[in-house]
Amino acid sequence: MKRIGLLSDTHGHWDDRYGKYFAECDEIWHAGDIGTTELADRLASLPLRPGREEHKVLRAVFGNIDGGDLRIMFSERYRFRCEDVEVLIKHIGGYPGNYDPSIRGSLFARPPKLFISGHSHILKVMYDKSLNMLHINPGAAGIYGFHKVRTLVRFTIDGSEIKDLEIIELKEEKNAERF
């Protein structure tokens, strides 16, 4: 069983609440527009549950605003297995019924069980019946963009089951830094 913390579109903005809300998570997934390597490093260095000495696993893709350093650290798309769930993450991906042309072929040829994208700054959790696939866009966790509410997502993958999904709204600015 893995507890996942998911975010996107931080644009280099750090909020101490990322650590607070992801404290009980085993992995952090970032769906692009990270903004800076310092922010990626800080996410990767968040500790695991209390009493453990390791750090969280950070899985991420680069987004359209990410520079060369982040494009070296991360790929444009990332397909992997978590427990018994095949996952595909791509920053610009669209959503069921309106997938981006850059990913549509991959989704239809070999749909994952979970497709994650960012970019739109709009939180969406939708099930695509035609592909038997859950789509999650965690919205935007950073302060730059048109969104009015900053959001994070947490969920659990237990074997082949995706469950316990939570939406977290970050309403006011406290202890925020710009890298």
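The values are calculated or read from the model by the stated rules, or taken from the named source; none is laboratory data. Because the structure is predicted, anything quoted here is derived from the model rather than measured. Glycine gets a Cβ as well: all are built from the backbone with ideal geometry, and neighbour counts include every protein chain shown. These area figures cover heavy atoms from the full protein model, side chains too; ligands, DNA and RNA do not enter into them. Shrake-Rupley method; radii C 1.70, N 1.55, O 1.52, S 1.80 Å.
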Given His121, His147, which one is crowded, with 17+ Cβ neighbours inside 10 Å and either within 15 Å of Lys90 (Cα to Cα) or among the hydrophobic types (A, V, I, L, M, F, W, C) (or both)? His121
Being modelled with pLDDT of 95 or more, assigned to a loop (DSSP other than H, G, I, E, B) and among the acidic types (Asp, Glu) is the filter; apply it to segment 45-98 and report the residue that is least open to solvent (accessible area, probe 1.4 Å). Asp66
Does segment 79-132 hold any residues that are of a type outside the set (Gly, Ala, Ser), under 27 Å from Glu169 (Cβ atoms) and over 19 Å from the mean Cα position of the chain (by Cα), and which are they? Asn98
Please indicate, with yes or no, whether at least one residue in segment 120-138 is aliphatic (A, V, I, L, M) and in contact with a Gly (Cβ under 7 Å, 6 or more places away or on another chain). yes
Considering only residues that are open to solvent by 20 Å² or more (accessible area, probe 1.4 Å) and outside any strand (DSSP E or B), which ones fall in segment 150-173? Ser160, Lys171, Glu172, Glu173
Select from segment 133-163 the residues that are over 18 Å from Ile34 (Cβ atoms), among the aromatic types (Phe, Trp, Tyr) and over 16 Å from the mean Cα position of the chain (by Cα) and list them in ascending order. Phe146
What are the pairs with Cβ atoms under 7 angstrom where one residue, in segment 69-88, is at positive phi and the other, located anywhere, is surrounded by 18 or more Cβ atoms within 10 Å (Cβ to Cβ)? Sequence gap at least six, or different chains. Glu83/Ile157
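Kindly indicate which of His135, His121, His147 is under 16 Å from His30 (Cα atoms), in contact (Cβ under 8 Å) with a residue 12 or more places away in the chain and not in a strand (DSSP E or B).
Sole residue among the options that is under 16 Å from His30 (Cα atoms), in contact (Cβ under 8 Å) with a residue 12 or more places away in the chain and not in a strand (DSSP E or B): His121.
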